[in-house]
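**Q** What follows is a structure written as structure tokens; I'll ask about it next.
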Amino acid sequence: KNLGAAFLMVYRIGDFKEVEEKKARATEVIFTSSEEKSKKTSQAVKRRGRVARKKRASKGLDTLQLASLPGIQAFTDRALLGMLKSFAGIYRDRSLQKWTKDFRLGAGVDAFSLGLIFGMDAGWGVEGAVGSEYKIDATYLSPHVNMASRMMSACKQYDAKILLSQAVEKLLSSQARSKLRHLDTVTVKGSTLKQQIFTYDCRNVGVDFFLFERSPAQADADSVAYTPNIWNTDQDLK
């Protein structure tokens, strides 16, 4: 989803029974809670009881055990790989790199540069359509969407290219986790729980990504042939 200054990318895990049950509960919590707010004040006491039950139900949504789902490690690895490959891709794209030398943007002193920062979180979300007959976009309601946004924004504070939440780190393969660095332990706004945040030390200074350029067909073949060993062999990840 194009948010203007950022893009929201959602990797849908699949139609596992546990995921479907949690998604149904999330939809009920979010949309029926909004309906409760429109009731008359004479029903305030009754409404408070219902909202309290909804809050207890929504709290249980975060207990979704994604780590127990089959194939989740490879799925999460691929999501992280996609972001790291995108990072390498912008420094390998000659048409993009030409803009860094454009006098109109750099004022003749190379003041303009291209870059991407990433934030990742894992959890449940409710998908819906927003727009009109002229343009319809998908939108996602979830505290995990907000957390991913916070991870991305925090990249500027930590001078990092990518930040991953503790929820994502737990879903990665052991090979992928060995490449991460624990950056900090924080308490985010709206939560009382401390959680660790991690980064992947990707860099572009002093790296010639053009040496490891692949054709689209080769990149697709690498994706199909994925194994966790890619974290030790792929030059883009070093």
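**Q** In the range 134-204, which chymotrypsin sites (Phe, Trp or Tyr not before Pro) are in a loop and have at most 13 other Cβ atoms within 10 Å, using DSSP for the loop call?
**A** 134
**Q** If ligands, DNA and RNA are left out, what is the accessible area of residue 142 with a 1.4 Å probe, given in Å² to the nearest 10?
**A** 10 Å²
**Q** Taking 0.36 nm per residue of sequence separation and subtracting the Cα-Cα distance, how much length would be gained by fully extending the chain between residue 93 and residue 184, in nm to one decimal?
**A** 29.5 nm
**Q** Would you pull out the residues with amide H under 5 Å of residue 163's amide H, same chain only if 5 or more places away, H placed 1.01 Å from N?
**A** HN-HN under 5 Å from residue 163: 118, 119, 120.
**Q** Rounded to a whole number, what % of the accessible area of the range 95-198 do carbon and sulfur atoms account for, probe 1.4 Å?
**A** On the way: 3450 of 6560 Å².
In the range 95-198, the share of accessible area belonging to carbon and sulfur is 53 percent.
**Q** Moving on to the next point. Can you give the accessible area of residue 136, probe radius 1.4 Å, in Å² rounded to 10?
**A** 110 Å²
The values are calculated or read from the model by the stated rules, or taken from the named source; none is laboratory data. Note that the structure is predicted; figures quoted are calculated from it, not measured. Methodologically, a virtual Cβ is constructed for each residue, glycine included, from the backbone with ideal geometry; neighbour enumeration extends over all protein chains shown. Just so you know, the surface numbers come from the protein's heavy atoms only, side chains and all, with ligands and any DNA or RNA stripped out. Shrake-Rupley method; radii C 1.70, N 1.55, O 1.52, S 1.80 Å.
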